[in-house]
Amino acid sequence: ADYDTVWRAVVEYFALTNLPIATIDKASGIIVTSWLNANAAEGGSPGAYCDCGSAGFFVRPLWTRGKFNVFIKSNSGGTVDLRVTCLYQQGRQAFYPEGAPVFVVNCSSTGTLKREVQEFIASRIRGESTPPARTYSSLGD
(Lines give C-alpha, C1' and ligand atoms only; values in the text may rest on other atoms or scores of the structure.)
Protein backbone atom coordinates (compact mmCIF):
# COMPACT_ATOMS: atom_id res chain seq x y z
CA ALA A 1 0.00 0.00 0.00
CA ASP A 2 1.14 3.55 -0.59
CA TYR A 3 1.89 6.15 2.09
CA ASP A 4 -1.47 7.94 1.84
CA THR A 5 -3.43 4.69 2.19
CA VAL A 6 -1.48 3.69 5.31
CA TRP A 7 -1.79 7.22 6.75
CA ARG A 8 -5.59 7.19 6.28
CA ALA A 9 -5.81 3.78 8.01
CA VAL A 10 -3.76 5.01 10.97
CA VAL A 11 -5.85 8.18 11.34
CA GLU A 12 -9.03 6.08 11.11
CA TYR A 13 -7.74 3.83 13.91
CA PHE A 14 -7.19 6.84 16.16
CA ALA A 15 -10.64 8.24 15.35
CA LEU A 16 -12.55 4.97 15.85
CA THR A 17 -10.79 4.08 19.11
CA ASN A 18 -11.16 7.53 20.67
CA LEU A 19 -7.42 7.89 21.19
CA PRO A 20 -6.39 11.40 22.23
CA ILE A 21 -3.77 12.74 19.83
CA ALA A 22 -1.02 14.88 21.34
CA THR A 23 0.98 15.25 18.10
CA ILE A 24 0.08 14.62 14.47
CA ASP A 25 2.22 15.49 11.46
CA LYS A 26 1.54 13.77 8.14
CA ALA A 27 4.68 15.19 6.49
CA SER A 28 6.93 13.54 9.09
CA GLY A 29 4.68 10.48 9.43
CA ILE A 30 4.20 10.70 13.20
CA ILE A 31 1.17 10.44 15.47
CA VAL A 32 1.67 10.45 19.26
CA THR A 33 -1.04 9.88 21.88
CA SER A 34 -1.55 11.66 25.15
CA TRP A 35 -1.14 9.51 28.26
CA LEU A 36 -3.84 6.82 28.47
CA ASN A 37 -5.18 4.97 31.46
CA ALA A 38 -3.90 1.42 30.81
CA ASN A 39 -7.00 0.04 32.59
CA ALA A 40 -9.39 2.00 30.38
CA ALA A 41 -9.52 -0.19 27.27
CA GLU A 42 -12.90 -1.88 27.12
CA GLY A 43 -12.38 -5.37 28.47
CA GLY A 44 -8.72 -4.63 29.16
CA SER A 45 -6.48 -4.55 32.17
CA PRO A 46 -2.90 -3.35 32.58
CA GLY A 47 -1.78 -6.97 32.32
CA ALA A 48 -3.14 -7.15 28.78
CA TYR A 49 -0.78 -4.38 27.65
CA CYS A 50 2.18 -4.29 30.00
CA ASP A 51 4.04 -6.05 32.77
CA CYS A 52 5.06 -3.74 35.61
CA GLY A 53 6.45 -6.46 37.83
CA SER A 54 5.57 -6.88 41.46
CA ALA A 55 5.00 -3.71 43.44
CA GLY A 56 6.79 -5.26 46.41
CA PHE A 57 6.09 -5.57 50.08
CA PHE A 58 4.15 -2.64 51.61
CA VAL A 59 3.95 -0.88 48.24
CA ARG A 60 0.74 -0.41 46.29
CA PRO A 61 0.24 0.41 42.61
CA LEU A 62 -1.85 3.58 42.19
CA TRP A 63 -2.22 3.83 38.43
CA THR A 64 -0.86 2.43 35.21
CA ARG A 65 -0.62 4.57 32.11
CA GLY A 66 0.68 4.31 28.59
CA LYS A 67 1.33 6.34 25.51
CA PHE A 68 2.32 5.29 22.07
CA ASN A 69 3.36 6.63 18.75
CA VAL A 70 2.93 5.47 15.20
CA PHE A 71 5.63 6.30 12.68
CA ILE A 72 5.09 5.83 8.96
CA LYS A 73 7.95 6.07 6.48
CA SER A 74 7.82 5.88 2.70
CA ASN A 75 10.74 3.98 1.17
CA SER A 76 12.21 3.95 -2.29
CA GLY A 77 10.51 1.32 -4.38
CA GLY A 78 7.06 2.28 -3.10
CA THR A 79 7.09 0.32 0.16
CA VAL A 80 5.95 1.81 3.46
CA ASP A 81 7.32 1.03 6.92
CA LEU A 82 4.99 1.23 9.92
CA ARG A 83 6.43 1.34 13.43
CA VAL A 84 4.39 1.34 16.66
CA THR A 85 6.24 2.18 19.88
CA CYS A 86 4.66 1.91 23.35
CA LEU A 87 5.74 3.32 26.72
CA TYR A 88 4.07 2.21 29.95
CA GLN A 89 4.54 3.46 33.50
CA GLN A 90 3.08 2.66 36.90
CA GLY A 91 2.76 5.00 39.86
CA ARG A 92 3.43 3.35 43.21
CA GLN A 93 3.35 4.42 46.81
CA ALA A 94 4.56 2.86 50.05
CA PHE A 95 1.86 2.19 52.63
CA TYR A 96 4.08 3.70 55.32
CA PRO A 97 4.75 6.46 56.22
CA GLU A 98 1.42 8.18 55.67
CA GLY A 99 1.66 10.44 52.63
CA ALA A 100 4.77 8.75 51.22
CA PRO A 101 5.79 10.16 47.84
CA VAL A 102 4.60 8.48 44.65
CA PHE A 103 7.35 6.98 42.53
CA VAL A 104 7.11 5.90 38.91
CA VAL A 105 8.44 2.68 37.40
CA ASN A 106 8.70 1.85 33.70
CA CYS A 107 6.85 -1.26 32.56
CA SER A 108 7.47 -3.69 29.71
CA SER A 109 5.05 -3.84 26.79
CA THR A 110 3.40 -7.20 26.10
CA GLY A 111 3.05 -6.24 22.42
CA THR A 112 -0.76 -6.44 22.55
CA LEU A 113 -1.45 -2.82 21.61
CA LYS A 114 1.16 -2.86 18.85
CA ARG A 115 -0.42 -6.01 17.42
CA GLU A 116 -3.96 -4.54 17.64
CA VAL A 117 -2.89 -1.41 15.75
CA GLN A 118 -1.00 -3.35 13.08
CA GLU A 119 -3.85 -5.82 12.56
CA PHE A 120 -6.40 -3.02 12.17
CA ILE A 121 -4.25 -1.15 9.66
CA ALA A 122 -3.55 -4.33 7.67
CA SER A 123 -7.30 -5.09 7.55
CA ARG A 124 -8.05 -1.59 6.22
CA ILE A 125 -5.36 -1.91 3.56
CA ARG A 126 -7.00 -5.20 2.47
CA GLY A 127 -10.31 -3.32 2.17
CA GLU A 128 -11.96 -4.99 5.18
CA SER A 129 -14.22 -3.11 7.58
CA THR A 130 -13.32 -5.00 10.77
CA PRO A 131 -13.83 -2.74 13.82
CA PRO A 132 -10.93 -2.01 16.18
CA ALA A 133 -10.41 -4.47 19.05
CA ARG A 134 -11.02 -1.78 21.73
CA THR A 135 -11.71 1.85 22.49
CA TYR A 136 -9.78 3.88 25.03
CA SER A 137 -10.06 6.63 27.64
CA SER A 138 -7.52 9.34 28.39
CA LEU A 139 -5.78 10.08 31.66
CA GLY A 140 -4.73 13.44 30.29
CA ASP A 141 -1.24 14.86 30.29
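See the values below:
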| quantity | calculated |
| --- | --- |
| Selection status of Thr64, within 23 Å of Ala122 (Cα to Cα) and among the polar types (S, T, N, Q) | no |
| Count - residues of region 1-10 that are aliphatic (A, V, I, L, M) and over 14 Å from Ser123 (Cα atoms) | 0 |
| From Ala100, Ala27, residue being more than 27 Å from Ser129 (Cβ to Cβ) and at pLDDT 95 or above | Ala27 |
| All strands (runs of 3 or more DSSP E) inside region 12-116 with 1 or more residues being open to solvent by 80 Å² or more (accessible area, probe 1.4 Å), aromatic (Phe, Trp, Tyr) and free of Cβ contacts under 8 Å to residues at least 24 places away in the same chain | 102-109 |
| Tally, over region 117-129, of residues that are of a type outside the set (Phe, Trp, Tyr), touching a residue at least 12 places away in the same chain (Cβ under 8 Å) and in contact with a helix residue (DSSP H, G or I) (Cβ under 9 Å, 6 or more places away or on another chain) | 4 |
| Yes/no for Asp4 being open to solvent by 60 Å² or more (accessible area, probe 1.4 Å) and either on the phi > 0 side of the Ramachandran plot or in contact with a Lys or Arg (Cβ under 8 Å, 6 or more places away or on another chain) (or both) | no |
| Residue list for region 113-137, filter: modelled with pLDDT of 90 or more and either within 16 Å of Asn37 (Cβ to Cβ) or among the small types (Gly, Ala, Ser) (or both) | Ala122, Ser123, Gly127 |
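The values are calculated or read from the model by the stated rules, or taken from the named source; none is laboratory data. Given the structure is predicted, the values throughout are model-derived calculations rather than measurements. A quick note on method: Cβ atoms are made from the backbone with ideal geometry, for glycine too, and the neighbour counts reach across all protein chains shown. For accessibility, only protein heavy atoms count, side chains too; no ligands or nucleic acids. Shrake-Rupley method; radii C 1.70, N 1.55, O 1.52, S 1.80 Å.
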